[in-house]
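Here the structure is laid out as structure tokens; the discussion comes afterwards.
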Amino acid sequence: MPDVIGTLARIGLAAVWLVSGLLKAVDPDQTYVAVRAYDVLPDVGVEVVAALLPWVELALGLLLLAGIGTRLVAALSAALLLVFVAGVAQAWARGLSIDCGCFGGGGAVEPGETTYVQELMRDAGFLLMAGWLVVRPRTVLALDDRLGTRRMG
């Protein structure tokens, strides 16, 4: 049963990364607007993050979907999710009115239209999936098995 739970977590997290990365990749200008809205990076930092983030997310999604390096990719996913949580939390604490841009879109919104609580709760769920895979990376139909990757759990 734990292998099935892990497989659901792996496929679910892969879907999250693939959808979010694809939506950002097809609209790089909006991705730039979303990253800039957090108001934490200099312009060159915004450009770098906006340019790289979709491809990092897509790579994480593809690796998880295939089940390659599951534990490492889950740990990287958790680290990136913690950066996202910190970004949303600091925007909320500073009183910024933005949409996170997590699944495309993003940028300034009208005061009262923010969804910080929902975004943080959703990311907490994604963190739980990543955490499960870090602790127990064994899943069904993962290439880790075929590649001889040694896993504990």
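The values are calculated or read from the model by the stated rules, or taken from the named source; none is laboratory data. Because the structure is predicted, anything quoted here is derived from the model rather than measured. Cβ placement follows ideal geometry from the backbone for every residue including glycine, while neighbour counts extend to all protein chains displayed. Heavy atoms of the whole protein, side chains included, go into the accessibility calculation; ligands, DNA and RNA do not. Shrake-Rupley method; radii C 1.70, N 1.55, O 1.52, S 1.80 Å.
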* Percent accessible area from carbon and sulfur atoms, the chain, protein chains only, probe 1.4 Å -> 71 percent
* Which value, in Å², gives the accessible area per residue of the chain when a 1.4 Å probe is used on the protein heavy atoms? -> 54 Å²
* Asked: Using Cα-only point scatterers and the Debye equation, what is log10 of I(q)/I(0) for segment 1-152 at each q in 0.11, 0.12 Å⁻¹, rounded to two decimals?
  -> -0.44, -0.52
* Asked: Counting only the backbone N, which residues of segment 115-131 are under 16 Å from the spot 7 Å out from the Cα of I5 toward its beta-carbon?
  -> 125-131
* Between R146 and L120, what is the FRET efficiency for a Förster distance of 30 Å, r being their Cβ-Cβ separation, to the nearest 0.05? -> 0.20
